[in-house]
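The values are calculated or read from the model by the stated rules, or taken from the named source; none is laboratory data. Quick caveat, the model's predicted, so the values are computed rather than measured. In this analysis, Cβ positions are derived from the backbone assuming ideal geometry, glycine residues included, and neighbour counts consider all displayed protein chains. Protein only, heavy atoms only, side chains kept; ligands, DNA and RNA dropped before computing areas. Shrake-Rupley method; radii C 1.70, N 1.55, O 1.52, S 1.80 Å.
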Amino acid sequence: MVNIRVMRLTALIPALSPELVSSLDKCGVRTDSDLLFRPVVEVYLQLSSEDGISLLDLERAVELTAELASAPGIAGDELLAQETQAQEQAPTLFSGVGGLDNLLCGFGGCRVIEITGDKQSGKTVRTGASPLDV
């Protein structure tokens, strides 16, 4: 299942004028997805002529919405450097079980560790106590 997040255009006021957002709302365009994934001309034709919104104004609003709704770009080497730094600064937690700590070099960092075992073997007790062993 894909989880798509949408942003209401009212959240973009004052970057988008309240009048434009109100006009778009009247024709069913209420979110960034509504505005970004419909043809601009189709949206323009749905707007009331008395709203006084030009096609150029609408195109600028679409560009601004795309800019505001997008995540900032980052180069792969910069992202790798940030992740490496975060991993180095992450605290290491120990379980208190010497063999387990030696095997895993402690808990922490950006790793997922799955604890498995038989029923009533102490998984919950051990994982619950680990943060206390810092």
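From the list Asp101, Asp34, exactly one residue is under 30 Å from Thr116 (Cα atoms) and either among the polar types (S, T, N, Q) or open to solvent by less than 50 Å² (accessible area, probe 1.4 Å) (or both). Which is it?
Answer to the selection: Asp101.
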(request) Look through segment 1-10, keep the residues that are at pLDDT below 90 and among the aliphatic types (A, V, I, L, M), and return whichever of them is most open to solvent (accessible area, probe 1.4 Å). (result) Met1
(message) Whether any residue in segment 14-31 is in contact with a Lys or Arg (Cβ under 8 Å, 6 or more places away or on another chain) and part of a helix (DSSP H, G or I) is what I want to check.
(response) yes
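Conditions (1) at pLDDT 85 or above; (2) on the phi > 0 side of the Ramachandran plot; (3) under 25 Å from the mean Cα position of the chain (by Cα), marked per residue:
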| position | (1), (2), (3) |
| --- | --- |
| Glu19 | yes, no, no |
| Val40 | yes, no, no |
| Gly52 | yes, yes, no |
| Ala69 | yes, no, yes |
| Leu93 | no, no, no |
| Val112 | no, no, yes |
| Pro131 | no, no, no |
| Val134 | no, no, no |
(request) Search segment 43-95 for residues being in contact with a Gly (Cβ under 7 Å, 6 or more places away or on another chain) and assigned to a loop (DSSP other than H, G, I, E, B), and hand back the single one that is surrounded by the fewest Cβ atoms within 10 Å (Cβ to Cβ). (result) Pro91
